[in-house]
1. Hey, got the dipole for the chain? About the Cα centre, +1 on K and R Cβ, -1 on D and E Cβ, debye to the nearest 20?
2. Can you give the Kirkwood hydrodynamic radius of region 289-375 from its Cα pairs, in Å with one decimal?
3. Using only the Cα atoms, what convex hull volume per residue in Å³ does region 193-332 have?
4. Testing the spin-label approximation: label points 7 Å from Cα along Cα→Cβ at T317 and N263. State their distance in nm.
5. Find which of T105, A129, T61 sits farthest along the positive direction of the dipole of region 59-214, computed with +1 on the beta-carbon of Lys and Arg, -1 on that of Asp and Glu, about the Cα centre.
6. Can you tell me the relative contact order of region 193-332? Whole percent, Cα pairs under 8 Å, sequence separation 6 or more.
7. In Å, what Rg and Dmax follow from the Cα atoms of the chain?
8. Could you work out the relative contact order of region 351-475, using alpha carbon pairs under 8 angstrom and six or more residues apart, expressed as a whole percent?
Amino acid sequence: MVRSELRWTRRDALERGMASFAALCLLPAATKTAAIRSAAAADPYQVDLQLPPTLVPVSSTATADRYELAIREGRAEIIPGQLTPVYGYDGIYPGPTIRARKGRTTVVRVTNGLSFQQNIHLHGGLVPAASDGHPMQLIEPGGAFEYTYPNVQDAATLWYHDHAHGLSARTMFYGLAGFYIVEDEVAPDLPAGDFDVPLVIQDRAFNADGSLRYTENIDEGFMGDTIVVNGSVSPRFAVKRALYRLRFLNASNARAYELRLSNGDPLVQVAGDGGLLEAPVSRSSIPLAPAERVDVVVDFRRLAAGAQVQLVNGLGTGSTPSVLRFDVTGTRADSGRVPATLRPREEIPAPVATRRWELMFSTTGAPRWEMSGLGFEMDRIDARARLGTTERWLWVNNSHRPHPMHIHGAHFRVLDRSEGSVHAGDRAWKDTVMVAVGETVIVQPRFAPYAGRYVFHCHNLEHQERAMMLQVEVTA
Ligand code: C2O
Ligand code: CU
Ligand code: CU
């Protein structure tokens, strides 16, 4: 049995974090300049899309797959022809994809090869609190920890990332994120294999030498001028004349996107954060807040060989509208179909409590983000919920910035938006929801299937680190 070196720490993670980053010479400390024009930006569509490798188990039993993952420094060709220092899972950026099966347990033994504390959080995973990667549950440098993911939830596009308190805005910026895809038996006709493509979208900025350039911006969050998909600057993707399932993840620190195809073709959404929708929804464009996922099916069958279709970010300006280009090749392939219905809606109990969280910016003392006047306190529980119940949570945004709100240890339904209605694409289980400026969004979290202490927070990483994160204790 591996000795667990994961422990709860009460020291000031923020102070410690800054010191260890400064000590690390490979990655420069944050630039304090206001301008974040990349000195080494590249033109879009110069390189082919890369797919992160799928992690191979080191052993498997009848009920479980066991993996090993090393957090360490590495180099990645993000800009064509240049090697950029990164932090990577197994040294690569983005990290390898873990494919899990509903009902089979995944065990990941993680070793921390960096010079500061780390952990791993499975975003969207319903996992026991001990394996959740709470921001104060950390792996020491040189240490290891075994995370156990029971995969009791429906098939969904999840992701894993660092959650070390005070550090994760930087460590995620420098590369620490990867896909974790849960599969099950439902809707087997959807495109699979080569036609099931995970796409992680992030914005970045670079120095002239190709190194990543982080600029701390507590107010807006980090905004880069270069869009990177699966670790390459706005790549091109050679597609067959077939149906493709594209799994979009926004793993940017703070940037929101509005995705659409340049030829006006629809994106047929089949899944959201928590998995399949009840039925497919055809959308001309899809908003994607930080940490959200949407799975869409795109039909390239009726396009001519040689056609080029861009995936455009409608919220982009300057160099940030160009996300990805699909280059249609001559080959036709039968890759499946989109069923008329996908997954029946689950009955859930009525809410037993209502809580109101006011999203606000505080300028008394050091500027920071808060929920109802509270910032993260390791020793304070901010909400107590009963295992198996649902509640009504109101996110009330009285601040001047949007906030992508996320809950650990629970999935939720979006019940109501004060600005407009809840889109059909947001009606299945979710774990992250955007709350626009001036808006109130009401969600219904279900605290199941595990008891324990979980955090909930804004997924604008600069907001989360300063200190827009609270804790819910779920008791049996
Ligand atoms: Cu991506 Cu606390 O989560
Ligand atoms: Cu999470
Ligand atoms: Cu926020």
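1. About 300 debye.
2. About 19.2 Å, per the Kirkwood formula over Cα pairs.
3. Enclosed volume per residue, from the Cα hull, is 124 Å³.
4. Between T317 and N263, the simple spin-label model gives 3.1 nm.
5. A129
6. Reported relative contact order: 29 percent.
7. Using the Cα atoms of the chain, the pair Rg, Dmax is 21.0, 62 Å.
8. Value for region 351-475: 34 percent.
The values are calculated or read from the model by the stated rules, or taken from the named source; none is laboratory data. Note that the structure is predicted; figures quoted are calculated from it, not measured. Neighbour counts run over all protein chains shown; Cβ positions are idealised from the backbone, glycine included. Just so you know, the surface numbers come from the protein's heavy atoms only, side chains and all, with ligands and any DNA or RNA stripped out. Shrake-Rupley method; radii C 1.70, N 1.55, O 1.52, S 1.80 Å.
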